[in-house]
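The values are calculated or read from the model by the stated rules, or taken from the named source; none is laboratory data. The structure displayed is predicted, hence computed values, not measured ones. Every residue, glycine among them, receives a Cβ derived from its backbone with ideal geometry; neighbour counts consider all protein chains shown. Ligands, DNA and RNA are stripped out before the accessible areas are found, and what is left, the full protein with its side chains, is counted by its heavy atoms. Shrake-Rupley method; radii C 1.70, N 1.55, O 1.52, S 1.80 Å.
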Amino acid sequence: VVSENIQEPEQPKYNRAGKGKNLIVIQLEAFQDFVINAYYNGQEITPNINRLIENDTLYYDRYYSNIGKGNTADAEFSSLNSLYPLIDGETYRLYEDNTFRGLPWLMRKQGYKAFAVHGYEGEFWNREAAYPYQGFEDYISMEDMEQDEIIGLGISDKSMFRQLIPILKEQDKPFFSFIITLTNHHPFVLEEKYQSLELSEEDKDTKFGAYLQTVHYTDEAIGQFISDLKKAGLYENTVIALYGDHHGLNCTMEEVSESVSNFIGRNYDYDEMLNVPLIIHIPGSGIRETIHTTGGQIDFLPTIANIMDLSLDETLYLGQDLTNAEKGFVAFTA
């Protein structure tokens, strides 16, 4: 009687969908959700990311930035640790040598090599000092790469991704690579030779027009990276998660608010401004779903932990798995 009536514990949806695969997490600089699946004068703004969403992907369209004083650095701290940042200052500086039990540590516990990559200076946001305590074994920054193509603050996204491929290929065990893009950084400066969107006259020399150009450039870099991963034989065995770190266009600036409101066809308010995309691509999974549950960067760790089959039993975390949550919310530090 017992054997006939025993019930298997219910597995959360998509649990272990990425178990054993490599993990690449790409934090997209100043990437907002309104550009996803959007067209500008008949031109697709993010064609490569849109193609990703069409197959083997979970797309969370009500996902929000919950940064504090530290902008980009707080976005990654919150995402990797499922803890809120502070308004008093950057977490990486105030709590530099705290040892956390976030994503890098959890991946290492599973036998993964955990390292971070960014095309800017290593000491910026105190990353070089804080990363070892966050669990990263290595940090490849601007100083460690060939500075062959500089756009804006540092190495272009296309160059950074291109230089990353041989590093990924030489890994002798599963890897977790955390990558931070840079080209779409304010003030969105892009030389004409790199621009590939045709702007209307009224959008030329505007913040909105410049933003669309750099967003489109970063999307091209993502497309190139995916293509290179396939050529390197790494794509099929790698989960790729992408999310925006914070807004790029400030809704309190009159000219910006007017341009974006006209483009999206509704009022460009704080809800719109703080909405960033979260996309988790699992090649070969057959998964294709858009999750409408409201959440924020605080929820990234438990969400990816479910997919990668990581135990959070020993981790203090404040978010929830958005894939399986019945309802959600997001609180803002700033």
Under a straight-distance cross-link criterion of Cα-Cα below 16 Å, which aspartates and glutamates are reachable from K207, leaving out those fewer than 8 residues away in the same chain?
E29, E191, E192, E198, E254, E255, E258
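Please report the net charge: other residues with Cβ closer than 15 Å to the Cβ of G233, K and R +1, D and E -1.
0
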Heavy-atom surface of the chain, accessible at 1.4 Å and reported per residue (Å²):
44 Å²
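Take the solvent-accessible surface of the protein heavy atoms, probe 1.4 Å, and return the percent of it on region 4-151 that carbon and sulfur atoms account for. Intermediate values should be presented prior to the final figure.
Details: 2680 of 6460 Å².
The value for region 4-151 is 41 percent carbon and sulfur by accessible area.
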A 1.4 Å probe over the protein heavy atoms gives region 250-315 a carbon and sulfur accessible-area percentage of 40 percent
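Which value, in debye to the nearest 20, describes the size of the charge dipole of region 17-166 about its Cα centre when Lys and Arg Cβ atoms bear +1, Asp and Glu Cβ atoms bear -1, and nothing else is charged? Intermediate values should be presented prior to the final figure.
Working: 13 positive and 23 negative charges, 154 e Å.
Here region 17-166 has a charge dipole of around 740 debye.
Ignoring ligands, DNA and RNA, how do S196, S3, S257, S177 rank by accessible area with a 1.4 Å probe, largest first? The partial results should precede the final answer.
On the way: S196 60, S3 95, S257 25, S177 0 Å².
Reading off the accessible areas and sorting them downward yields S3, S196, S257, S177.
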Just how much of K204 is accessible, in Å², when a 1.4 Å probe is used and the result is rounded to the nearest 10?
90 Å²
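Using the scaling law 2.2 N^0.38 Å as the reference, what is the normalised Cα Rg of region 118-212?
Numbers: Rg = 16.1 Å, N = 95, 2.2 N^0.38 = 12.4 Å.
Normalised by 2.2 N^0.38 Å, the Cα Rg of region 118-212 equals 1.30.
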Would you mind telling me the share, in percent, of accessible area of region 179-239 contributed by carbon and sulfur at probe 1.4 angstrom?
45 percent
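Net charge within 13 Å of L164 by Cβ-Cβ distance, Lys/Arg positive one each and Asp/Glu negative one each, not counting L164 itself? Intermediate results must be reported in sequence, preceding the final value.
Numbers: positive: K158, R162, K169; negative: D138, D144, E146, D157, E170, D228.
With Lys, Arg at +1 and Asp, Glu at -1, the neighbours total -3.
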In terms of the charge dipole of the chain, which places +1 on Lys and Arg and -1 on Asp and Glu at the beta carbon, the residue among A38, V215, I226 farthest towards the positive end is I226
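Viscosity 1.306 mPa s, temperature 10 °C: Stokes-Einstein D of region 54-181 from its Kirkwood Cα radius, in µm² per second? Walk me through the numbers on the way to the answer.
Values: Rh = 15.7 Å.
In µm²/s, the coefficient is 101.
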Under 12 Å from the Cβ of A129, count the other residues' Cβ atoms, weight Lys and Arg +1, Asp and Glu -1, and hand me the total.
-3
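Looking at the chain, send over the antiparallel percent of its DSSP beta bridges, to the nearest 5. Could the numbers behind the result be given before it?
Values: 14 of 41 bridges.
Percentage antiparallel, nearest 5: 35.
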Within the set T252, T294, T238, GNM on the chain using Cα springs under 10 Å gives the largest fluctuation to T252
Solvent-accessible area of H186 with every protein chain in place, 1.4 Å probe, in Å² to the nearest 10
100 Å²
Dipole moment magnitude, nearest 20 debye, the chain about Cα centre, only Lys, Arg, Asp, Glu C-beta charged:
1020 debye
